[in-house]
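Have a look at the structure below before the remarks.
The values are calculated or read from the model by the stated rules, or taken from the named source; none is laboratory data. What you are looking at is a predicted structure, and each value in this text was computed from that prediction instead of being measured. Neighbour counts are summed over all protein chains in view; Cβ atoms, including those assigned to glycine, are modelled from backbone coordinates with ideal geometry. What goes into the accessible areas is simple: the full protein's heavy atoms, side chains included, and nothing from ligands, DNA or RNA. Shrake-Rupley method; radii C 1.70, N 1.55, O 1.52, S 1.80 Å.
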There are 2 protein chains.
Amino acid sequence: MKKRRMSRAIGVGGVTIGGGAPVVVQSMTKTDTRDVAATVRQIKELEECGCELVRLAVPDAEAAAALRSIKHRARVPLIADIHFDYRLALAALEAGVDGLRLNPGNISDPKQIAAMVNSARSRSVPIRIGVNAGSLPKKPARGSVAQRMVAAALEQIDLLESLDFGLIKISLKAFDVPTTVEAYRLMARKTVYPLHLGITEAGLLREGAIRSAVGIGILLYEGIGDTIRVSLTAEPREEVLAGYEILKCLDLREHGPTLVSCPTCGRCEVDLFGLAREVEARLAMIEKPVKVAVMGCVVNGPGEARDADVGIACGKGKGAIFRRGEVVRTVKEADFLESLMREVEGV
Amino acid sequence: MKKRRMSRAIGVGGVTIGGGAPVVVQSMTKTDTRDVAATVRQIKELEECGCELVRLAVPDAEAAAALRSIKHRARVPLIADIHFDYRLALAALEAGVDGLRLNPGNISDPKQIAAMVNSARSRSVPIRIGVNAGSLPKKPARGSVAQRMVAAALEQIDLLESLDFGLIKISLKAFDVPTTVEAYRLMARKTVYPLHLGITEAGLLREGAIRSAVGIGILLYEGIGDTIRVSLTAEPREEVLAGYEILKCLDLREHGPTLVSCPTCGRCEVDLFGLAREVEARLAMIEKPVKVAVMGCVVNGPGEARDADVGIACGKGKGAIFRRGEVVRTVKEADFLESLMREVEGV
């Protein structure tokens, strides 16, 4: 795995992005932003599952006006997602948001950009230049999609820097994984600013999580990426959980327990799927980063999962509880779940 | 994306692995192999969802004996998974299996290996050297886990080559993604044989698919990998679907329709989650590789999803059906699903 690319650190609310800080997990509310109660409820859910930054759509003045009450009730820093109308950005900044996301594809008037940048600078609020493959500016029209995405971001960076603004973060999202990877790789060489990774419109929970894991995973493995958002057509909570799963796989973050479980095969003599699901449900109530293995085979189990803090290798009628590969106890099938969970508590 | 590593092609049944052939998707039955009816039923399910190779556990002589009837009723090539007892490999070969998987960690007697290799050679049946991080041979004890995995595989390759056997495939699986990636990268430089990719004991459907997507995705993006198996504590069908999703993300295989769908945000005014799930269910009945977009925003939708063959951008009460980014029709909310599906049929 490559050493992480060193980017310039910026602060969004109290959260540091880049400069070697842990990769930050973010999501977005899917409620009507004008509905303060529903939006705050969703922000609380996101805070509870470990979301570190929350973005909100600001489609109109009423939504911008709602941001002030929402901001008062949120612990997590909030980012306003602005398209088309720079006045919504000004209103969001006045309402106290911690970050702005602008799409260079749909606000291009330099005067409007200057107005937003001046207001953001006076408040030390960072701006994400959020380029999307599907909404690129018409120029430049040459080059691959990835090259055009990078060109659009670089042009916007130049503009912001010419306005003496450096609190910049960049994203370059596409649905297509190779395009997305190419764009971020190019950008990583051309800029010092932190990068926000994501695959856009990735789809429903299952396929979307896989697509995001492939794209974001490739980049993180190359040391690229300071914050991530997994975009899913699903509850925002799922985006956060998927985000942490990706980071955990690459040892970039710890986040609660990890379940190692074997796929089972013709050797398995117990209902391992059921047991694994029960263990998962119990582990969801635990915060410590313990690694727990549920294995369907007494012969291979403890050895194969020697890396786990605690585990069970299940045979017909009885199983072996082990710690770091060493069997500590044999238990009856009826006690599999409770014995394992008691051992987990003791870690 | 890197050019694919050129490996030596081998044939497993009628399926070519390596040598530039499309990446092959495989899975494993989870039934008791001795239960012929249940095992054949699961093999049929796997054939139906596009599984190209099926592995079966052979824990005892009765399971080995069952292979003959199973083989007669399967269209897909079958691979016998052998541990500890070389006589089970001999019996499986006699029963007509198309491939063997051996774990160098648990059959080490050179005479036993020679017996298996001689029988496989006489039948032109390939052998996978399936190294697992959790069941490494005791020697060599030096080096990182990845280095030790590669050393174990190389030693076994030497042994097989000294027996004039070259129908070899290699796997080097671990739960830990960086370890797995390091092992395959090392191996890719040291051998010409095709590589079978997988992350072992990856967990339940959701986390396991993400972990597999990160690990397998990184390697495929580097051009490494000739066949894959996603190991999930879930029905084998899920392993196949996840496998194809990973390959589709990197344009390595086509496999049925692809759903592009936006995550929604405060701009969305319809039940997009519901619509996307309904579209997904309908697409599951279609085989052609059409790309369909379900977007929650009329303003951005057609542009953002211009890459899709067909799509819908949904607003309150009405939506726009588009083809390759061009709006072709406006439809009422009640007609969203049916209008979109009619358009999909016309692609």
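Shielding of A:31-40 by partners, i.e. mean partner chain Cβ atoms within 10 Å per residue?
Working: counts 4, 5, 3, 1, 1, 0, 0, 1, 1, 0.
So the per-residue partner count for this stretch is 2.
Obtain the radius of gyration and the Kirkwood radius of segment A:279-322 from its C-alpha atoms and give Rg over Rh.
For segment A:279-322, the value is 1.00.
Which percent, to the nearest 5, of DSSP beta bridges fully inside chain B are antiparallel?
Values: 14 of 48 bridges.
So the antiparallel bridges amount to about 30 percent of the total.
Tell me, how many Å apart are the Cα centres for segment B:10-83 and for segment B:227-261?
So the two Cα centres are separated by 18 Å.
Could you compute how fast segment B:51-174 diffuses translationally, taking Rh as the Kirkwood radius over C-alpha pairs and applying Stokes-Einstein at 4 °C with viscosity 1.567 mPa s? Give it in µm² per second. Before the final figure, lay out each step's value.
Numbers: Rh = 14.6 Å.
Reported coefficient: 89 µm²/s.
What is the sum of charges, Lys and Arg at +1 and Asp and Glu at -1, for the other residues whose Cβ falls under 15 Å from the Cβ of A:Met285?
Numbers: positive: A:Arg277, A:Arg282, A:Lys288, A:Arg342; negative: A:Glu48, A:Glu278, A:Glu280, A:Glu287, A:Glu338, A:Glu345.
After counting each charged neighbour, the total is -2.
Given a Förster distance of 30 angstrom, what is the FRET efficiency for B:Arg329 paired with B:Asp251, based on the Cβ-Cβ distance and rounded to 0.05?
Working: r = 30 Å, r/R0 = 0.99.
Given R0 = 30 Å and the Cβ-Cβ separation, E is 0.50.
On a 1.4 Å probe surface of the protein chains, which of A:Thr16, B:Thr227 comes out largest in accessible area, and what is the full order?
Details: A:Thr16 70, B:Thr227 0 Å².
Sorted by accessible area, descending: A:Thr16, B:Thr227.
Please figure out what share of the DSSP beta bridges in segment A:1-124 is antiparallel and state it in percent, rounded to the nearest 5. Walk me through the numbers before you get to the answer.
Working: 3 of 14 bridges.
Beta bridges within segment A:1-124, antiparallel portion: roughly 20 percent.
For A:Pro110, which inter-copy label distances result when the label point lies 7 Å beyond Cα on the Cα-to-Cβ vector, reported in nm to one decimal and in ascending order?
Those label-point separations list as 7.8 nm.
Along Cα-to-Cβ, 7 Å out, sits the label point; list in nm, shortest first, how far the one on B:Lys332 is from those in the other copies.
When each copy's label point is compared with this one, the spacings are 6.5 nm.
Restricting everything to alpha-carbon atoms, can you work out Rg to Rh for segment B:192-347 with a Kirkwood hydrodynamic radius?
On the way: Rg = 17.7 Å, Rh = 16.9 Å.
Across segment B:192-347, the Cα-based Rg/Rh ratio is 1.05.
If you take the Cα Rg of segment A:1-122 and divide it by 2.2 N^0.38 Å, with N the number of residues, what do you get? Display every interim value, and only then the final one.
Numbers: Rg = 14.9 Å, N = 122, 2.2 N^0.38 = 13.7 Å.
Dividing the Cα Rg of segment A:1-122 by 2.2 N^0.38 Å gives 1.09.
How tilted is helix B:272-283 with respect to the longest principal axis of chain B? Cα atoms for both, answer in degrees (0 to 90, nearest 10).
60 degrees
In degrees, nearest 10, range 0 to 90: what is the angle between the Cα axis of helix B:177-190 and the longest Cα principal axis of chain B?
60 degrees
From the label point of B:Asp60, set 7 Å along Cα to the beta carbon, how far off in nm is each other copy's matching point, shortest first?
From this label point to the equivalent ones elsewhere in the assembly: 7.1 nm.
Rounded to a whole number of µm²/s, how large is the Stokes-Einstein D of segment A:288-347 at 4 °C and 1.567 mPa s, given Rh as the Kirkwood radius over C-alpha pairs? Write down the numbers at each step before the final one.
On the way: Rh = 10.8 Å.
It diffuses with D of about 119 µm²/s by this estimate.
Which net charge results when you count Lys and Arg as +1 and Asp and Glu as -1 among the other residues whose beta-carbon is under 10 Å from that of B:Val192?
Working: positive: B:Arg5, B:Arg8, B:Lys190; negative: none.
Here the count lands on +3.
Whose Cβ in chain B comes nearest the axis that rotates B onto A, and by how many Å?
Value returned for chain B: B:Ala213, 2.
Charges on Cβ only, +1 for Lys and Arg, -1 for Asp and Glu, centred on the Cα centroid of segment A:25-102; of A:Thr29, A:Val40, A:Leu102, which one is farthest towards the dipole's positive end?
Farthest towards the positive pole: A:Val40.
Would you please classify the overall shape of segment B:153-259 from the alpha carbon gyration tensor, given that a ≥ b ≥ c denote the square roots of the eigenvalues, rounded means a/c under 1.5, and beyond that prolate means a/b larger than b/c while oblate covers the rest? All intermediate terms of the calculation are to be shown ahead of the outcome.
Numbers: a/c = 2.02, a/b = 1.77, b/c = 1.14.
Since a/c reaches 1.5 and a/b is larger than b/c, the shape of segment B:153-259 is classed as prolate.
Across peptide B:237-250, what mean number of C-beta atoms from other chains lies inside 10 Å of a residue's C-beta? Don't skip to the answer; put the middle values down first.
On the way: counts 0, 2, 1, 0, 3, 4, 1, 2, 9, 5, 1, 5, 14, 8.
Mean shielding by partner chains, rounded to a whole number: 4.
Considering every pair of different Cα atoms, what Kirkwood radius, in Å, is found for segment B:1-49? Let's see the in-between values first.
Numbers: mean 1/r = 0.0764 Å⁻¹.
About 13.1 Å for segment B:1-49.
Name the residue from A:Leu172, A:Thr191, B:Ala64 whose Cα lies farthest towards the positive end of the charge dipole of the protein assembly as shown, charges +1 on Cβ of Lys and Arg and -1 on Cβ of Asp and Glu.
Of the options given, the answer is A:Thr191.
Under a Cβ-only charge scheme (Lys and Arg +1, Asp and Glu -1), can you give me the dipole magnitude of chain B about the Cα centre, in debye to the nearest 20? Intermediate results must be reported in sequence, preceding the final value.
Details: 48 positive and 43 negative charges, 177 e Å.
With Lys and Arg at +1 and Asp and Glu at -1, about 860 debye.
How far apart, in nanometres, would the label points at A:Ser122 and A:Asp271 be if each is projected 7 angstrom from Cα along the Cα-to-Cβ direction?
With each label point 7 Å from Cα toward Cβ, the separation is 6.5 nm.
Which number do you get for Rg(Cα) / (2.2 N^0.38 Å) in chain A?
Values: Rg = 23.0 Å, N = 347, 2.2 N^0.38 = 20.3 Å.
It is 1.13.
Looking only at segment B:258-345, where both bridge partners belong to it, what percent of the DSSP beta bridges are antiparallel (to the nearest 5)? Before the final figure, lay out the partial values.
Details: 11 of 19 bridges.
In segment B:258-345, DSSP labels about 60 percent of beta bridges as antiparallel.
Could you work out the mean count of beta carbons from other protein chains within 10 Å of each residue's beta carbon in B:289-297? Don't jump to the answer; show the numbers that get you there.
Numbers: counts 0, 0, 1, 0, 4, 4, 3, 3, 3.
Average neighbour count from other chains, rounded to a whole number: 2.
Once you charge only the Cβ atoms, +1 for Lys and Arg and -1 for Asp and Glu, what is the size of the charge dipole of segment A:258-345 about its Cα centre, to the nearest 20 debye? Please report the intermediate quantities before stating the final value.
Working: 13 positive and 14 negative charges, 38 e Å.
The calculated dipole for segment A:258-345 is roughly 180 debye.
Can you give the convex hull volume of the alpha carbon atoms of the protein assembly as shown per residue, in Å³?
Details: hull volume 105.3 nm³, N = 694.
Spread over its residues, the Cα hull of the protein assembly as shown gives 152 Å³ apiece.
In debye, nearest 20: dipole of the protein assembly as shown around its Cα centre with unit charges on the Cβ of K, R (+) and D, E (-)? Before the final figure, lay out each step's value.
Numbers: 96 positive and 86 negative charges, 340 e Å.
Charge dipole of the protein assembly as shown: 1640 debye, to the nearest 20.
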